[in-house]
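The values are calculated or read from the model by the stated rules, or taken from the named source; none is laboratory data. What you are looking at is a predicted structure, and each value in this text was computed from that prediction instead of being measured. The accessibility values were calculated without ligands, DNA or RNA, using every heavy atom of the protein model including side chains. Shrake-Rupley method; radii C 1.70, N 1.55, O 1.52, S 1.80 Å.
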Amino acid sequence: MTTTDLARRARQARHRLRERAGLRERVRVLEAEVQESRQLNRRIAELTDVVTELLIPLESRDQGRVDDVLARFRAGL
């Protein structure tokens with residue numbers, strides 16, 4: 001094997017290592033974005049619960065339930 005071949009292989013190996021490092025970083029970023037998305041979806045679900053509870057007509061509304069839902073919502077702020 002010649003020196004040129006060894007140099008080429010070394011360059012290829014460095015290139016593969018950089019690609020792997022780049023992929024690891026991209027996975028880390030994507031995992032953080034997925035976690036943020038999960039948190040936002042949970043927040044939307046909580047807001048949906050609050051809105052649903054508040055839209056029930058007053059005569060059939062369970063005020064204790066409304067107070068409970070609003071308290072949980074406020075605690076999550």
Summing -39500 (n - 2.57) over every DSSP H run of at least 4 residues in the chain and dividing by its residue count gives a helix-only mean residue ellipticity at 222 nm, to the nearest 500 deg cm²/dmol, of -31000 deg cm²/dmol
Helix 3-55: inclination vs the chain longest Cα principal axis, degrees, rounded to 10, gives 0
quick shape note, the chain: Cα extents on principal axes in Å, largest first -> 89, 19, 11
May I ask you to give the percent of accessible area on the chain that is carbon plus sulfur, with a probe radius of 1.4 Å?
56
Helix 63-75 against the longest principal axis of the chain: what's the angle in degrees, Cα atoms only, rounded to the nearest 10?
30
Can you give me the P(r) profile for the stretch 29-69? Cα pairs, bins 10 angstrom wide beginning at 0, each as a whole percent.
28, 33, 20, 14, 4
Leaving out ligands and nucleic acids, note down the accessible area per residue over the chain with a 1.4 angstrom probe, in whole Å².
87
